[in-house]
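The values are calculated or read from the model by the stated rules, or taken from the named source; none is laboratory data. Computed from a predicted model, the values in this text were never measured in an experiment. Note: ideal-geometry Cβ built from the backbone for every residue, glycine included; neighbour counts use all protein chains shown.
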Amino acid sequence: MRNFKSPRMVDLNDGWTKTHDLALLYVALAYGTDHELSDGEVAAITDALKDWAVVSEDTHVQEIVMEAATAFIEGDANSELTRAIDTLGGSLGPDERRRALTDVIRIAEADGVLLEREQGLISRVADAWSLRRLERELMDESDAAVQPRGEDWGLIHELAFLFLVVAHVANNELAEGEITVILERLQEWQPDLGPEEAREIVRSSLQVYAEGEQEALIRDSMTTLKKALPDVQRLAVLDDLHCVARADGNLSDSERKLITSIARAWDVNVRLNGRHR
């Protein structure tokens, strides 16, 4: 794995270009699958960027890739990615956006496998750029095998994912108290789960949350849990969500709205204090 640590954080006002934003988008796709960026992936990203860069020599483009990787890895990855997608949506013309989305999909399928989180990122870009039709066409043409979140992903991960969504929705931050409550609630659902195992479940769920198309993932988790859990257990999950939301203080409007929407999707009515009626 390459070392992207630098003596200073990348200054986005210091020569940052749309090629940097494209590089950051490509890096997010490559780095997010295994949290590593191999020499081969750097080479593939460099090749994809050559036609976008003002100066197309390998050394210059590789420098752009490294700067983008530093911004993504050392900064708030999800915020950097959101900024890049939004900025490119405004700075690229219609044909350029189509070309960039095509590049994103080609990079994702280069290894012959499309992971679910890669599909989520592709959908996130296509949504932001109003290119869902092109996305469907390119995905239909793809020969890559579609791979789900992972063989070890289970209902406990779906629970952790929803807990994280509720904890994060109010202020886009995760407080230590919220993490503690999430870990406690997960261990209540699966008593044989050790502390480190619970933390690993939270880490993997957080990774999916940070790298995927969040609205689609939330819908998937809600649907999966509704099908898997009886009414009484769905009610218990809603109580857990309420406790997670209250872990950092009062229940915010955004937390209340999210929990209510989940309850409605699960055909359960809840009061503002989290109890059913």
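Values computed for the structure shown
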item: In segment 244-255, the residues that are out of contact with any helix residue (DSSP H, G or I) (no Cβ under 6 Å at 6 or more places or on another chain) and either surrounded by fewer than 17 Cβ atoms within 10 Å (Cβ to Cβ) or of a type in the set (Phe, Trp, Tyr) (or both); result: Gly249, Asn250, Ser252, Asp253
item: Which listed residue is closer than 24 Å to Arg83 by Cβ, surrounded by fewer than 17 Cβ atoms within 10 Å (Cβ to Cβ) and within 19 Å of the chain's Cα centre (by Cα), from Glu200, Glu215; result: Glu215
item: Single unsatisfied condition, Ile262 versus (1) closer than 21 Å to Leu183 by Cβ; (2) touching a strand residue (DSSP E or B) at 6+ places or on another chain (Cβ under 7 Å); (3) not hydroxyl-bearing (Ser, Thr, Tyr); result: (2)
item: Residue selected from segment 169-190 under the condition among the aliphatic types (A, V, I, L, M) and modelled with pLDDT under 90, by the criterion surrounded by the most Cβ atoms within 10 Å (Cβ to Cβ); result: Ala170
item: Among residues of segment 191-216, those that are farther than 21 Å from Tyr31 by Cβ and at pLDDT 85 or above, counted; result: 10
item: Among (1) surrounded by 16 or more Cβ atoms within 10 Å (Cβ to Cβ); (2) assigned to a helix (DSSP H, G or I), the one test that Leu193 misses; result: (2)
item: Test: Leu121 is under 23 Å from Gly15 (Cβ atoms) and within 15 Å of the chain's Cα centre (by Cα); result: no
item: Residue match in segment 108-119 (condition: modelled with pLDDT of 85 or more and of a type outside the set (Ser, Thr, Tyr)); result: no
item: Qualifying residue in segment 123-130 (condition: in a helix (DSSP H, G or I), at pLDDT 95 or above and of a type in the set (Val, Ile, Thr)); result: no
item: Counted residues, segment 65-120 - those being without any contact (Cβ under 8 Å) to a residue 24 or more places away in the chain and surrounded by 22 or more Cβ atoms within 10 Å (Cβ to Cβ); result: 0
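Every residue, every condition in (1) in a helix (DSSP H, G or I); (2) in the same structural domain as Tyr209 (by TED's automatic domain parsing); (3) over 29 Å from Ser204 (Cα atoms), yes or no:
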residue	(1), (2), (3)
Ile45	yes, no, no
Asp51	no, no, yes
Phe72	yes, no, no
Asn78	yes, no, no
Gly90	yes, no, yes
Leu114	no, no, no
Gln119	yes, no, no
